[in-house]
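S.K.: My questions will all concern the structure given below.
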Amino acid sequence: MPKRASKRRSGAGASAQAMADTIRSAERRRQHRTAIWVLPSATIPSVGAGWLTAAVTDWYAGAAVIAVLAALVLRRIYRSKGSSWATGAAGERRTRRILIPLVWTSFGRWVVLHDRQIPRSRANLDHLIFGQCGPVYVDTKTWKSRTSKVRLDDRGRLWYGRYSQQGTLDTVNWEAERAAQALGHPVQRVVAVHYADIPPGGLVSAGVTIVQGTELRRHLRSLPKEPGWNRSRIRKTALLADQQLRPAA
């Protein structure tokens, strides 16, 4: 198992960001190894091009050519390919920011926990929300393609462009069931999607509600209230969740 980055984080997206940092560190080590043999090999032709330029014009232009060629080589070596983990972490932080006003204006009627570890599993829960509607699990998806449509087919299965997302929803349901076992109460399931467009009102597939990330607060506030879920029960259940589902990072 790869070692995580030494700098520990907590909160929304922490575990995904830790994995992204690990991948980026490994990528940077590979880039350093590449630079050791590429840079000496690129020096001779760069200097040659600079010398020819200086011979035709002046030494200022020659030095500029050498600098530009060196910068191009370094940029190519150290160009980052990016990471789906980093993208996911950024999406979870975006969801956290969307949820902040929900808690600040609730006077104890909403409690939110982020990035919680599922017991005896490497999986984590992106966001657990407790309100008068009971517990809600929100999984964040960062689907950046504006041209890939999020839709349901004739059988009610979720698609993102050409790719079926039923496996994603199966995972969300499994994670919510594990949360329900820890809390001793059913947990509602929501997927919050960033960037890709979701039809107004959201979609429902396999027992999971799919909403636009920007509509998440509105959706949560619209959920029916469950009997007995007052501030005291919300606070106690959130405390239980904090004890049973520890921070993932």
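S.K.: Scan the strands (runs of 3 or more DSSP E) fully inside the stretch 97-152 and keep the ones with 2 or more residues being in contact (Cβ under 8 Å) with a residue 12 or more places away in the chain and open to solvent by 20 Å² or more (accessible area, probe 1.4 Å). Spell out the reasoning first.
M.R.: Numbers: elements: 111-117, 124-131, 134-143, 150-152.
The strands (runs of 3 or more DSSP E) meeting that bar are 111-117, 134-143, 150-152.
Conditions tested, residue by residue: (1) in contact with a helix residue (DSSP H, G or I) (Cβ under 8 Å, 6 or more places away or on another chain); (2) at pLDDT 95 or above.
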{"residue": "Leu158", "(1), (2)": "yes, yes"}
{"residue": "Asn173", "(1), (2)": "no, yes"}
{"residue": "Ala176", "(1), (2)": "no, yes"}
{"residue": "Val190", "(1), (2)": "yes, yes"}
{"residue": "Pro199", "(1), (2)": "no, no"}
{"residue": "Leu216", "(1), (2)": "yes, yes"}
{"residue": "Arg246", "(1), (2)": "no, no"}
{"residue": "Ala249", "(1), (2)": "yes, no"}
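S.K.: Checking the structure you have, find out if any residue of the stretch 218-226 is modelled with pLDDT of 95 or more, surrounded by 15 or more Cβ atoms within 10 Å (Cβ to Cβ), closer than 17 Å to His114 by Cβ and within 21 Å of the chain's Cα centre (by Cα).
M.R.: yes
S.K.: Please verify whether Asp197 is open to solvent by 40 Å² or more (accessible area, probe 1.4 Å) and within 19 Å of the chain's Cα centre (by Cα), treating the condition exactly as stated.
M.R.: Working: open to solvent by 40 Å² or more (accessible area, probe 1.4 Å): yes; within 19 Å of the chain's Cα centre (by Cα): yes.
When the stated conditions are applied, Asp197 passes them.
The values are calculated or read from the model by the stated rules, or taken from the named source; none is laboratory data. Owing to the predicted nature of the structure, the values given are computational and were not obtained by experimental measurement. Quick reminder, even Gly has a Cβ in these numbers, built from the backbone with ideal geometry, and neighbours come from all protein chains shown. For accessibility, only protein heavy atoms count, side chains too; no ligands or nucleic acids. Shrake-Rupley method; radii C 1.70, N 1.55, O 1.52, S 1.80 Å.
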